[in-house]
Every structure is written in C-alpha cells, then in structure tokens.
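Visitor: Okay, here's the structure, questions in a sec.
The values are calculated or read from the model by the stated rules, or taken from the named source; none is laboratory data. The shown structure was predicted, so the numbers you read here are calculated from the model rather than taken from an experiment. Note that each Cβ is placed from the backbone with ideal geometry, even for glycine, and that neighbours are counted across all protein chains shown. Calculation scope for accessible area: heavy atoms of the full protein, side chains included, ligands and nucleic acids excluded. Shrake-Rupley method; radii C 1.70, N 1.55, O 1.52, S 1.80 Å.
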Amino acid sequence: MVRLQAKELQIRYGDRTIVENLSVSIPDEKITVIIGPNGCGKSTLLKALTRIIPHQNGSIVLDGESIVKEPTKGLAKKIAVLPQTPESAGALTVGELVSYGRFPHQNRFGRLTKRDLEIIDWALDVTGTKFFKSHPVDSLSGGQRQRVWIALALAQETDMIFLDEPTTYLDMAHQLEILELLQHLNATEKRTIVMVLHDLNHAARFADYIIGMKFGKIVKSGPSEEIITKPVLRELFQIDAEIGEDPRTGKPICITYNLVRGD
Amino acid sequence: MLNYRIQRIPYSIKLGMSVILMMVLFGMALAFGAADTSVKDVLSALLSTAPNDQAIMLREIRFPREVAAALVGAALAVSGAIIQGMTRNPLADPGLLGLTAGANAALAITVAFWPSVNYFGVMLTCFVGAAVGAILVFGFSSFHPEGFTTLRIVLAGATISAFLYAIAEGIGIYFKISQQVSMWTAGGMIGTTWNQVLLIAPIVLVGIIISLMCSRQLTILSLSEEMAVGLGQRVRLIKSILFVLVIVLTGASVALVGNLAFFGLMIPHIVRAIVGTDYRHVLPMSAFLGAAFMLLADTLARTINAPYETPVAAVVAIMGLPFFLYIVRKGGQSFS
Ligand SMILES: Nc1ncnc2c1ncn2[C@@H]1O[C@H](COP(=O)(O)OP(=O)(O)OP(=O)(O)O)[C@@H](O)[C@H]1O
Ligand SMILES: [Mg+2]
C-alpha cells in the first residue's frame, strides 16, 4: 500500500492555476526526487502534498485519510517539511531553533524531555551543526544555516521528510554529506524522503524514483534509468544531454549538455 | 550582532536579575514621592494596621498606584512583544496598530454620551475601542491580495490612528469634554484606587499567563506561517488567540493609564537584545522588565518636579529614547 497519494490535483494561486489534474503516488520507504525547470510547480506541489498550502480540486490521502481532515499536529508527527527558502530565524540560537522540531511531540507546557534533548542532539550532530549550538542562526553562513534548517526537520522525527532544494548554498562536500545522510536515514530507518533537486546527477545517484515535471504536469516518472535519458531531459529542460554511466555507482550521469536551439 | 558577553549569561540568571530589579524599583517607588517616606515607613505601613496618615497614604494611594504601574508595564511590554512576533514587524506597537487610538476614540464617545460612566464601563469601552482600532488596521492592510505586509500595516496603522485621534478630539471639542477625556488618556497612574487595580489585575495576570503559555507558538509563528503549519500549529486559531490577548492587555492598560506611546515598542526590543528572539524567553522577561521600567517611570514622574506630577508618558519617552536609539544603532538584527 502507498501511504501518500494525490489524485487529480489542482492547485491555484488566486485565479492562476499552477498544477492541473496531477496524480502521483509517493513510494513508501524510498527516496523520491522531483526535477523540472524553474517555475514548473515543484515547490507548489511539495507544499500542497504537505498541506502547507491548500489544493483546490482533487484529493491528497495519507494513510487512508484525507490530509485536509487530519489534525495538523498529527500530520506534523508524520511529515517534516523544509521549505525552499526558510525565513530568517533572527537571533534564535541554533539550539533553540532545532528544539522547535520537537514541537509537534510536546504537550501544552512544552517541557523538553530527556528523549527530546537526545533527538535534538542527534539532529545537530548528524548535520554537523553541534558546534554552533549556542550561536544565533543569523550569524552563520548560508550553508551552515541550511544545515541547521535540515537539523530542524530531522528533529521532528517523522516517517516522511520533504525537502525543497536542500543542497542549495552548500559546497560540493556538504551537498554530498546531506544527501548521504538522507540516504542513510532511508536505508537504516526506512524513512520516506521526497526532495526537489536541480542537480541531475545527484537526482540520478540518490533517487529510487524520479518525478519529472514541466508546466505543472508530470511529464514522466520512474527510476533514474528511465528519466535521466536523452529524450526525457530534452523534453523537460530543452537540453541536448550526453548521458553516460557513473563508473562508481552505475547510475546514469549527465556528462555534458547543450541547449537545444530553434526547437 | 548580539553582544556575546551578554548572551553567554544563562537565561535563568537574566530572568532572576530582572525580577530583582523589578522588586527593588517597586520598593523605591513606594519610598519616594511627593510626600517623603522612609523604607521603615513603608514596611510599617505594610505590616501594621496603624491608622496614621502616612500609613494610610501609602496603603491607599501609593501602593495601588505602583501595583497598577507594574501591571500596566508588564501588560504593554508583553502585548508589544506578541504583536511584533505575530506580524514579524519590528515596528509593531499597540500604539502604532490603532489599538490606543481606538480606545481613545471610544472613550471620548462614551464620555460624551454617557457622562456618568463608571470605571467598569470605561474599561469595557477601552477594550471595545482597542479591538475596533486593531480590526480596522488589519482589515485595511489585508485588502491587498497579498495580505498584510510590514509596510502596509505600519501605513494603515498610522493613517487610521490619526483618523481615530481626530474623531476623539472632535468629540472632545464639540461636547466640551476634552478635559475629562484627557484626564483618562494622559493621566498616567494618578488617582488609581484599589478598586480599579482589583478589577484590572486579574485580567492582566490571566492575559499574561495565557501569553506565556503561547510563547512557543509565537516563536514558531514568528519564523513564518509555512514553518508554523509544517510544525503542526493551527495557525488561524493561534493568531486569533494572540490577537485577543493583545487587545485585552492593551485595553486594560489604556483603561488604567491612557496612552503610552513607545512603551510596547521599546521594551521588547531591549529584551531581545538581552535574551534573543525565542519568545519562551522574551515574554517572561518583557513582563518583568516592562513592570520595572514602568515603576521607574512613575517614580520619576512623581518626583522630578514634586509636588507637581510630570506626565508619565513624557518620562517614558525621554527615558526610552536614548535606549532605543542605542539599540537601533547597534542594528535591528536582534529582531527575528
Ligand atoms: N505565493 C505565490 N503566489 C502566486 N504565484 C506563485 C506563488 N508561488 C509560486 N507562484 C507561481 O507558481 C509557479 C510555480 O512556482 P514554484 O515555486 O512551484 O516553482 P518551482 O518549480 O519550485 O521553481 P524553482 O525551481 O524556481 O524553485 C511560478 O510561476 C510562480 O510564479
Ligand atoms: Mg521551487
């Protein structure tokens, strides 16, 4: 059974329709990556699937229950979301911010239990942000900050983690570190990961399932081998790509590409 | 950035110090005034029931007045902090958002048409007026399809406040009641009785306690609405609760002391510079420092030019300005 499923989704901002008649199932305990050109509606879809924004038509069902009906706090125990551009956290310290990941698990009075503190510590540790624990988030670099926001999502301790471009701002090593961390969480703890990525080679390498979007529709979805191909990339991005095989991972890799002109 | 030396002091110590500061200033407020009394007089007035003049003056005039000052200071500071967090707007202040002007206008209308209004009526009037003022400001600023932004709220707040003040003034002149109205609105804590304090105190205390219980919700909301939804907050419900809290706290304060521009803006800024922007820390600290500041302001108002009273609003402005400029100069980043 698939836990999270959307059918015939329509999402609008005001009277502008962004996503029309889109159906998708998120494979459980797998890593799903959404790719597609800027403005095609990736973030919009991600937000709708996580009830951050409402959808106008169609249904989104999690564990057999419409997400519109489920209490939002209950959802927050199942789904963590990292938005594309989190707002400034001001003078909150890293430790304070990440502690709010425990919010959905706390009662009204919100004392952090020993277990809460352990998970916060773990989230800081695996994202390499422990050192900054008492620093204000705004005093960190862009990449350090990004890792703090990821720590916040991890501290939420959910089965499903949705991340919108979690690797922006990160240097190459840290990009890989975050992706490997997510892969590790997926492999060892069976967490379902859904993320938007722009780096096709990262998508190919880490995804079990890729969703290729354009103009608010899913053009094609499937395993890397079916999506990171010359014709699909041409349709998605108007690029003429040279696809090879990564000698280390055996996954498809985009070696070089040109824009398709006069198409 | 935040001063790291201040920042490294544990929060519990900072909070403890603000409580001590408040208590010391409370003692000072009781001891100093137009009628000079000593610490010993204060203690004996509190501990005995001796019917001498001084003890009665302390028990019936100065004591309720200073309790009122502490309550109002705490209420204004907490409501200022809430409204700044909610709107993510460092310039938000109950005074800038039409609450004070609304209460003012309502007060003028009530005094004009119901001159014999009792204190309870005045308080109710202030609540209703504050609510109407705030709803007008938020209503107007959310006309725009993108909803309310910092700039729009400030502009709408300034415009509608000016409009409401004009109404209050017009009514005051027309019905020749300007003096009575300004007795309420500019009077500060003069003449506060125990009855008034006992009416307001439960409202303010309950308001502050509920605010403290909402402090984590407020921090999350101050990050962004998306973040708040993602973390499982019922954003609409929480916003409504916070909104009501601000109206109740501000309304109660205006009923007691009238207009105190800047206070709700200034204290949370000072507090954030000391404890950061986690509202779990900001709200309690705002309550205590707000109370402390107001006690100091009222003591000064009573003593600078004794036996005449200086308007407490003027004292607040003069005391607050240098502080405020200093904070602004250090950079507004201490706001989330
Ligand atoms: N809050 C909003 N109000 C109105 N329109 C919006 C809003 N957010 C996004 N849009 C529009 O919806 C479309 C899809 O935006 P979305 O953010 O989903 O794109 P995306 O695929 O995530 O792009 P990117 O790769 O640049 O992040 C865009 O045309 C954008 O202009
Ligand atoms: Mg996006």
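Each row is one residue, and each column tells you yes or no for (1) over 23 Å from A:PHE215 (Cα atoms); (2) within 13 Å of ligand 1 (Cβ to nearest atom).
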| site | (1), (2) |
| --- | --- |
| A:THR44 | no, yes |
| A:LEU49 | no, yes |
| A:ILE60 | no, no |
| A:PRO71 | yes, no |
| A:LYS78 | yes, no |
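Visitor: In addition: Which condition number in (1) at pLDDT 70 or above; (2) of a type outside the set (A, V, I, L, M, F, W, C); (3) open to solvent by 40 Å² or more (accessible area, probe 1.4 Å) is the one that B:SER48 fails?
Guide: Here B:SER48 clears every test but (1).
Visitor: Sticking with this structure for a sec: Considering the range A:166-183 alone, what residues qualify as being in contact with a helix residue (DSSP H, G or I) (Cβ under 9 Å, 6 or more places away or on another chain) and open to solvent by 10 Å² or more (accessible area, probe 1.4 Å)?
Guide: Passing the criteria: A:THR167, A:THR168, A:TYR169, A:LEU170, A:ASP171, A:HIS174, A:GLN175, A:LEU176, A:GLU177, A:GLU180, A:LEU181, A:GLN183.
Visitor: Let me ask something else. So, A:LYS251, is that one within 16 Å of ligand 1 (Cβ to nearest atom) and away from every other protein chain (no Cβ under 14 Å) or not?
Guide: Working: within 16 Å of ligand 1 (Cβ to nearest atom): no; away from every other protein chain (no Cβ under 14 Å): yes.
Considered against the rule, which asks whether it is within 16 Å of ligand 1 (Cβ to nearest atom) and away from every other protein chain (no Cβ under 14 Å), A:LYS251 comes out as no.
Visitor: A further question on this structure: Yes or no: the range B:255-262 includes at least one residue that is away from every other protein chain (no Cβ under 14 Å), modelled with pLDDT of 85 or more and open to solvent by 10 Å² or more (accessible area, probe 1.4 Å).
Guide: No, the conditions are met nowhere in the range B:255-262.
Visitor: Residues in the range A:41-53: is at least one over 24 Å from A:LYS133 (Cα atoms) and away from ligand 2 (no atom under 16 Å from the Cβ)?
Guide: Yes: one or more hits.
Visitor: Taking B:CYS126 as meeting all but one of (1) more than 18 Å from B:ALA81 (Cα to Cα); (2) in contact with a Pro (Cβ under 9 Å, 6 or more places away or on another chain), write down the number of the exception.
Guide: (2)
Visitor: Okay, next question. Is the range B:66-73 home to any residue that is open to solvent by less than 20 Å² (accessible area, probe 1.4 Å), over 12 Å from the mean Cα position of the chain (by Cα) and at pLDDT below 90?
Guide: Within the range B:66-73, one or more residues are open to solvent by less than 20 Å² (accessible area, probe 1.4 Å), over 12 Å from the mean Cα position of the chain (by Cα) and at pLDDT below 90.
Visitor: Mind checking which residues of the range A:148-165 are closer than 18 Å to A:ARG51 by Cα and open to solvent by less than 10 Å² (accessible area, probe 1.4 Å)?
Guide: A:ALA153, A:GLN156, A:THR158, A:MET160, A:ILE161, A:PHE162, A:LEU163, A:ASP164
Listed here are the residues, each with its yes/no results for (1) within 17 Å of the chain's Cα centre (by Cα); (2) acidic (Asp, Glu); (3) part of a loop (DSSP other than H, G, I, E, B); (4) within 13 Å of chain B (Cβ to nearest Cβ).
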| position | (1), (2), (3), (4) |
| --- | --- |
| A:LYS69 | no, no, yes, no |
| A:LYS77 | yes, no, no, yes |
| A:VAL81 | yes, no, no, yes |
| A:PRO86 | yes, no, yes, yes |
| A:GLY95 | no, no, no, yes |
| A:PRO104 | no, no, no, yes |
| A:ARG115 | no, no, no, no |
| A:PHE131 | no, no, no, no |
| A:TRP149 | yes, no, no, yes |
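Visitor: Scanning the range B:227-252 for residues that are in a loop (DSSP other than H, G, I, E, B) and not hydrophobic (A, V, I, L, M, F, W, C), which turns out nearest to the other protein chains (Cβ to nearest Cβ)?
Guide: B:GLY232
Visitor: A further question follows. Taking the range B:274-290, which residues are part of a loop (DSSP other than H, G, I, E, B) and either on the phi < 0 side of the Ramachandran plot or away from chain A (no Cβ under 13 Å) (or both)?
Guide: B:THR277, B:ASP278
Visitor: Working only within the range A:184-199, note down all residues that are surrounded by fewer than 17 Cβ atoms within 10 Å (Cβ to Cβ) and in contact (Cβ under 8 Å) with a residue 12 or more places away in the chain.
Guide: Of everything in the range A:184-199, those that are surrounded by fewer than 17 Cβ atoms within 10 Å (Cβ to Cβ) and in contact (Cβ under 8 Å) with a residue 12 or more places away in the chain turn out to be A:LYS190, A:HIS198.
Visitor: Right, another one. Within the bounds of the range A:110-128, is there any residue that is of a type outside the set (Asp, Glu), out of contact with any Asp or Glu (no Cβ under 7 Å at 6 or more places or on another chain), open to solvent by less than 50 Å² (accessible area, probe 1.4 Å) and free of Cβ contacts under 8 Å to residues at least 24 places away in the same chain?
Guide: yes
Visitor: Within the range A:38-62, how many residues turn out to be loosely packed, with under 15 Cβ neighbours inside 10 Å and away from chain B (no Cβ under 13 Å)? Break it down stepwise before answering.
Guide: Of the range A:38-62, the ones loosely packed, with under 15 Cβ neighbours inside 10 Å are A:38-39, A:54, A:56-57, A:59.
From what is left, the residues that are away from chain B (no Cβ under 13 Å) are A:38-39, A:56-57, A:59.
Residues in the range A:38-62 being loosely packed, with under 15 Cβ neighbours inside 10 Å and away from chain B (no Cβ under 13 Å): 5 in total.
Visitor: Is it true that A:HIS202 is within 16 Å of ligand 2 (Cβ to nearest atom) and open to solvent by 20 Å² or more (accessible area, probe 1.4 Å)?
Guide: Yes.
Visitor: Considering only the range A:205-219, state which residues are away from ligand 1 (no atom under 16 Å from the Cβ) and open to solvent by 20 Å² or more (accessible area, probe 1.4 Å).
Guide: Correct list: A:ARG205, A:ASP208, A:TYR209.
Visitor: Filter the range A:20-41 down to the residues that are over 25 Å from A:LEU182 (Cβ atoms) and either away from ligand 1 (no atom under 13 Å from the Cβ) or hydrophobic (A, V, I, L, M, F, W, C) (or both) and list them by number.
Guide: If the condition is that a residue be over 25 Å from A:LEU182 (Cβ atoms) and either away from ligand 1 (no atom under 13 Å from the Cβ) or hydrophobic (A, V, I, L, M, F, W, C) (or both), then A:ASN21, A:SER23 are the ones that fit.
Visitor: Looking at (1) within 16 Å of ligand 2 (Cβ to nearest atom); (2) closer than 16 Å to A:SER221 by Cβ, can you tell me which one A:ALA6 breaks?
Guide: The failed condition is (1).
Visitor: Please verify whether the range B:82-93 includes one or more residues that are at pLDDT below 85, small (Gly, Ala, Ser) and closer than 30 Å to B:ALA134 by Cβ.
Guide: Yes, that holds for at least one residue.
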